[in-house]
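Student: The structure is given below, and queries will be raised subsequently.
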Amino acid sequence: MPQHQPENPDDPTEPAEPATAARGKNTAQPDAGDAPPAVRLHDARASLGARPVLRGVDLTVAPGEVVALLGANGSGKSTAIRAIVGQVPLTGGSVELFGTPLRRFRDWGRIGYVPQRSTASGGVPATVREVVSAGRLSRTGLRPLGAQDRRAVEGALERVGMADRAGDSVEGLSGGQYQRVLIARALAGEPDLLIMDEPLAGVDLASQRVLAEVLREQVAAGTAVLLVLHELGPLAPLIDRSVQLADGRVAQVYGREDSAGLVHDPACHPHPAAEPGGTDTDWTTGLLR
Ligand SMILES: Nc1ncnc2c1ncn2[C@@H]1O[C@H](COP(=O)(O)OP(=O)(O)OP(=O)(O)O)[C@@H](O)[C@H]1O
C-alpha cells in the first residue's frame, strides 16, 4: 500500500516528516523541521491553449527531500515543473518557493533548473565551460566571475565527468554529454533546490550512475530535489516520495519504501510490485523480472 501519512490532511503530497530526519542524517545537518518547504504547490491549476492541464495539484517538497514526479505522457508533469519555475502561469491555486509566493520570489540563485532536453545544443555556439558558467549568473548578475564562481564551475564540471571537455563546443557533444553539461550548469549555482525534468532521458546507464552519485552528494549537503522521471533507475535509492500525476491531478503518493519497489507498465503507470496484475518490468532497473 502507498505510504500516506501527511501532516496536513488536505495535502496528500506533504511529507510525513522532514527528509533529513527520515534519512537519519547526523545533527551537523541544518534542522529542516522549522524551515518552510522548498516547494509548495497548492491546488495548482493551469491551461495550455484551451486545454486544462493542471487540475488542482498539491505538491510539497521539504528541505533536503527528494521527490519524484511520475505519470504517463501528457499527465502534466512538465507543466507542473514549469509552473513552479514561473514559465507557465497558474489560472488558480498557488506556488511558493522557500515560503515566498512565486510572484515575490527573487532568490533564483537558490534554484537549479534542468529543463526537459530537446535538441542537443539548441544551436548555441558556446563552450561547455561557458554553458556551465551561465549557472552562476543568478548569483553574479553582470559582474565578472570571481575565484569562488570559477571554483564552483570547475567543481560542477568535475562532478559530472566533463572537465576534460570544458573547452569544447557544446555543438559537438552527444545528447547524454549535453545532459551532463546542463546538470553541471544547475550544480554550478550551488542550489538549495534542484528541479530536473527527465534527467535520465536518453542517458546511458553509466551516465545515470554518475547522476545518481552527484545527486547523492547534493542531497547529503541538504539540497532538495524535484525530478520528473519515467523510470527511477539508479536514482531509486535516493527517492523519499513519488507523486504520480494522472490527467492533471495527483493520483497516488508513494513513500520511500514503496517508491523503491515501484514497477511500471508500458503505459508508464507505476504501481507497487506486489499489486495484482503487476507487470514484469522492474521500475527500478528497467529490466524484465
Ligand atoms: N504548448 C502547448 N499547447 C497546448 N497544449 C500543450 C502544450 N504543451 C503541452 N500541452 C499539453 O499539455 C498536456 C500535459 O503536457 P506535459 O508536457 O505537462 O505532460 P508530461 O506529463 O510532462 O508528459 P511527457 O511525459 O510526455 O513529457 C498534454 O496533453 C500536452 O499535449
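Student: Just checking, does the stretch 261-269 include any residue being away from the ligand (no atom under 16 Å from the Cβ), at pLDDT 80 or above, in contact with a strand residue (DSSP E or B) (Cβ under 9 Å, 6 or more places away or on another chain) and of a type outside the set (D, E, K, R)?
Tutor: No, every residue in the stretch 261-269 fails to be away from the ligand (no atom under 16 Å from the Cβ), at pLDDT 80 or above, in contact with a strand residue (DSSP E or B) (Cβ under 9 Å, 6 or more places away or on another chain) and of a type outside the set (D, E, K, R).
Student: Hey, another quick one. Take the stretch 164-182 and flag every residue that is surrounded by 15 or more Cβ atoms within 10 Å (Cβ to Cβ) and of a type in the set (S, T, N, Q).
Tutor: 169, 177, 179
Student: Exactly one of these conditions fails for residue 257: (1) within 16 Å of the ligand (Cβ to nearest atom); (2) at pLDDT below 90; (3) open to solvent by 30 Å² or more (accessible area, probe 1.4 Å); (4) not hydroxyl-bearing (Ser, Thr, Tyr). Give me its number.
Tutor: Checking residue 257 against (1) within 16 Å of the ligand (Cβ to nearest atom); (2) at pLDDT below 90; (3) open to solvent by 30 Å² or more (accessible area, probe 1.4 Å); (4) not hydroxyl-bearing (Ser, Thr, Tyr), the one that fails is (1).
Student: Taking residue 238 as meeting all but one of (1) of a type outside the set (Phe, Trp, Tyr); (2) open to solvent by less than 30 Å² (accessible area, probe 1.4 Å); (3) modelled with pLDDT of 95 or more, write down the number of the exception.
Tutor: (3)
Student: Of the numbered conditions (1) open to solvent by 50 Å² or more (accessible area, probe 1.4 Å); (2) modelled with pLDDT of 90 or more; (3) under 20 Å from the mean Cα position of the chain (by Cα), residue 138 fails exactly one; give the number of that condition.
Tutor: Answer for residue 138: the failing condition is (2).
Student: Just need a number here: residues in the stretch 36-55 that are more than 25 Å from residue 108 (Cα to Cα) and either surrounded by fewer than 17 Cβ atoms within 10 Å (Cβ to Cβ) or of a type in the set (Lys, Arg) (or both).
Tutor: So the answer is 5.
Student: For the stretch 62-123, list the strands (runs of 3 or more DSSP E) that sit wholly inside it and hold at least 3 residues that are open to solvent by 30 Å² or more (accessible area, probe 1.4 Å) and over 16 Å from residue 44 (Cβ atoms); which are they?
Tutor: Because the criterion is at least 3 residues that are open to solvent by 30 Å² or more (accessible area, probe 1.4 Å) and over 16 Å from residue 44 (Cβ atoms), no strands (runs of 3 or more DSSP E) in the stretch 62-123 meet it.
Student: Pick from the stretch 183-202 the residues that are more than 12 Å from the chain's Cα centre (by Cα) and more than 23 Å from residue 146 (Cβ to Cβ): which of them is surrounded by the most Cβ atoms within 10 Å (Cβ to Cβ)?
Tutor: 201
Student: Can we say residue 129 is closer than 23 Å to residue 250 by Cβ and assigned to a helix (DSSP H, G or I)?
Tutor: No, not satisfied.
Student: Counting only residues that are under 15 Å from residue 113 (Cα atoms) and among the hydrophobic types (A, V, I, L, M, F, W, C), how many does the stretch 169-213 have?
Tutor: Residues in the stretch 169-213 being under 15 Å from residue 113 (Cα atoms) and among the hydrophobic types (A, V, I, L, M, F, W, C): 13 in total.
Yes or no, residue by residue, for (1) aliphatic (A, V, I, L, M); (2) modelled with pLDDT under 90; (3) in contact with a helix residue (DSSP H, G or I) (Cβ under 6 Å, 6 or more places away or on another chain):
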site	(1), (2), (3)
152	yes, no, yes
155	no, no, no
159	no, no, yes
174	no, yes, no
179	no, yes, no
183	yes, no, no
187	yes, no, yes
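The values are calculated or read from the model by the stated rules, or taken from the named source; none is laboratory data. Remember, it's a predicted structure, so these values are computed and weren't measured experimentally. Note that each Cβ is placed from the backbone with ideal geometry, even for glycine, and that neighbours are counted across all protein chains shown. Note: accessible area is taken over every heavy atom of the protein model, side chains too, but ligands, DNA and RNA are not part of it. Shrake-Rupley method; radii C 1.70, N 1.55, O 1.52, S 1.80 Å.
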